[in-house]
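Here's the structure we're looking at; comments come further down.
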Amino acid sequence: MLSATLLLAGCGSSADSTANEFMSALVAGRHLKAEEMLSKDMRGMATLLGGLSNRSLNSYYRSGNLVSFVLTRAEQTDNSVRYRVIAVTKDGRRYEDFMDMVREDGSWKVSRF
């Protein structure tokens, strides 16, 4: 069962939907789709690691392990948004992290997670 929550003031922006879509792709193991949502710099780093895969992700972001997440807006500017991420794994553990989004060529992209 996929469970995802996005707790935000002003919910519905492109950054919010892209962040939610990215995390949902990780839950589903759709690494290529998630990779397409990375900023140019982040995609270059992912390419150096062989692309997004269970091998290159933190253990709590790996497909089959990540079962749900909560995103909460922590900070924003005109061209970037930082989310607090709570990732929940199949054993019920909760991991806290951050994810940054940047506006790049008119679209919101993941620049850090």
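I'd like to compare 14-24, 37-47: which one has the highest average count of other Cβ atoms within 10 Å, and what's the full order after that? The partial results should precede the final answer.
Details: 14-24: 19.1, 37-47: 16.0.
For the peptides 14-24, 37-47, the packing ranking is 14-24, 37-47.
In this structure the chain gives 55 Å² per residue of accessible area when probed at 1.4 Å with all protein chains present. Across the chain, the relative contact order, built from alpha-carbon pairs under 8 Å that are at least six residues apart, equals 26 percent. In order along the range 102-113, the phi-based Karplus estimate (6.51 cos²θ - 1.76 cosθ + 1.60, θ = phi - 60°) of 3J(HN,Hα) comes to 10, 7, 9, 6, x, 10, 7, 10, 7, 10, 6, 7 Hz; Gly and Pro are listed as x. Estimated from the Cβ-Cβ distance and a Förster radius of 25 angstrom, the FRET efficiency linking GLU96 and SER24 is about 0.85. Once backbone amide H atoms are built at 1.01 Å from N, SER68 has VAL88 as its partners under 5 Å, excluding neighbours fewer than 5 places away on the same chain. Of the labelled options (i) 15, 50, 32, 3; (ii) 14, 37, 28, 14, 7, 1; (iii) 15, 50, 28, 7, 0, which one gives P(r) over Cα pairs in 10 Å bins from 0, in percent as computed for this structure? Among (i) 15, 50, 32, 3; (ii) 14, 37, 28, 14, 7, 1; (iii) 15, 50, 28, 7, 0, the one calculated here is (i).
Only helical DSSP H runs with n ≥ 4 go in: add -39500 (n - 2.57) per run for the chain, normalise by residue count and round the 222 nm mean residue ellipticity to 500 deg cm²/dmol.
Theoretical 222 nm ellipticity from helices: -8000 deg cm²/dmol.
Computed on the range 67-113, with alpha-carbon pairs under 8 angstrom and 6+ residues apart, the relative contact order is 28 percent.
Once a ≥ b ≥ c are taken as the square roots of the eigenvalues of the Cα gyration tensor of the range 50-98, is the result rounded (a/c under 1.5), prolate (a/b larger than b/c) or oblate (a/b not larger than b/c)? Note, shape of the range 50-98 comes out oblate.
The values are calculated or read from the model by the stated rules, or taken from the named source; none is laboratory data. What you see is a predicted model; the values in this text were computed from it and never measured. FYI the Cβ positions are ideal-geometry reconstructions off the backbone, even for glycines, and counts take in every protein chain you see. Heavy atoms of the whole protein, side chains included, go into the accessibility calculation; ligands, DNA and RNA do not. Shrake-Rupley method; radii C 1.70, N 1.55, O 1.52, S 1.80 Å.
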